[in-house]
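Below is one structure; the comments refer to it alone.
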Amino acid sequence: MKLEINTETCTGCKLCQTVCIRDNIEIVDKKAVEVDNGDCFDCGHCLAICPTGSISLKAYDNQKDRVEDYNPREIPIASEDFMQFLKQRRSIRWFKKKKIDEETFDKLFEATYYSPSAQNAQDVEFVVLDEKLDDFMHLVYDIIKVEEDEFFRIKQLVSILEVKEIIRSIPLLWEGTQMILSFSKSQTNALIANTRLELLAYTMGLGGFYSLFTLKADELDHDRLMEFFPEIDEDKHMYSAFIIGYPRVKYRRTVPHKKIDVHYK
């Protein structure tokens, strides 16, 4: 059984039953009752909708302080403000020398704590690369250099690293000195989580960019790459590589994009 239901405060309103996609709740004698069908995956919709707060999840019994009441009729940010925020977001490649401290990273990962995931898997893991960033990038270089003839950026990387050991200004990092890697069994789970972190970062005066060429290391030799991360489940893949830091430049206007094609059928 996954739920704790306070039958003294439960009013039998049926709201929990209506939002349970696994049909795991029934109303018996005007009280909510959990059906032990083994299908509950702790999504928490029943907890979130109960008007009397009568339902809790046993899996998160030690995190009851995370449950916050709010007014569902009040959205904390206006759509126009959010759209303007998205317009002003830009990829950042030029950074100050100032490092992001652990406390700030902890705040960033709060955004991923609330990230949705398929089947409520919550399987995304992160690695913050700092002191070992150089070692990691040399490994990436050694893996992806096999495709240097196909991609100019990789060929440029190869030429730089074969000439000198200093890799702080290579195209995969530019001026970045810290990187966040996202691992998951689901590419979607990893990308959604990191995107939420990225957007929160911009509200905190931070910025960054995604390095797709870094991800090629996982595509080309997953097993070798994962040897660098023994603490991560090897069945998970590196689906996001986000270089992050304090922006050294400030942009002043939006930039046009290609028209978005939308098809209605």
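Laboratory data are not the source of any read-out in this text; all were calculated from the coordinates shown. Because the structure is a prediction, the values reported are computed rather than measured. Ideal geometry is used to build each Cβ from the backbone, glycine not excepted, and the neighbour counts take in all protein chains shown.
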Revision key, fill the gap. Expected sort for 152, 228 with the fewest Cβ neighbours (10 Å cutoff) up front is 152, 228
Review point. Can you tell which of 120, 24, 37 shows the greatest fluctuation in a Gaussian network model of the chain with Cα springs below 10 Å?
Key: 37
Study note, to complete from the structure: Cys in the chain lacking any partner Cβ under 4.7 Å -> 10, 13, 20, 40, 43, 50
Point to revise | Which of 77, 256, 182, positive extreme of dipole for the chain (C-beta unit charges) | key: 256
**Study point:** Paramagnetic label zone (point 7 Å from Cα along Cα-to-C-beta, residue 101; backbone N under 16 Å) in region 226-265
**Key:** 246
Point to revise | Pairs beyond 22 Å (Cα-Cα), from 31/58; 185/258; 99/250; 98/250; 96/185; 98/132 | key: 185/258; 96/185
Practice item. Please report, in debye to the nearest 20, how large the charge dipole of region 79-245 is about its Cα centre when each Lys and Arg carries +1 at its beta carbon and each Asp and Glu carries -1 there. Key: 940 debye
Check your understanding: region 187-230 to region 63-135: how many Å between their Cα centroids?
Key -> 13 Å
Review point. Do the sum for the chain: with -39,500 (n - 2.57) for every DSSP H run of n ≥ 4, divided by all residues, what is the mean residue ellipticity at 222 nm, to the nearest 500 deg cm²/dmol?
Key: -9500 deg cm²/dmol
Review point. With a 10 Å Cβ neighbour count serving as the proxy for reagent exposure, in which order, fewest first, do 198, 110 appear?
Key: 110, 198
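Rank the residues 60, 202 as a footprinting-exposure proxy: fewest other Cβ atoms within 10 Å of their Cβ go first.
Sorted ascending by nearby Cβ count, the order is 60, 202.
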**Study point:** Candidate lysines for bridging to residue 265, where Cα separation is under 29 Å - those fewer than 8 sequence places away on the same chain excluded
**Key:** 87
Check your understanding: For region 3-66, with the dipole built from +1 on Lys and Arg beta-carbon atoms and -1 on Asp and Glu ones, taken about the Cα centre, which of 40, 25, 12 lies farthest toward the positive end?
Key -> 12
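Just in region 69-102: which chymotrypsin sites (Phe, Trp or Tyr not before Pro) are loop by DSSP and have at most 13 other Cβ atoms within 10 Å?
70, 94
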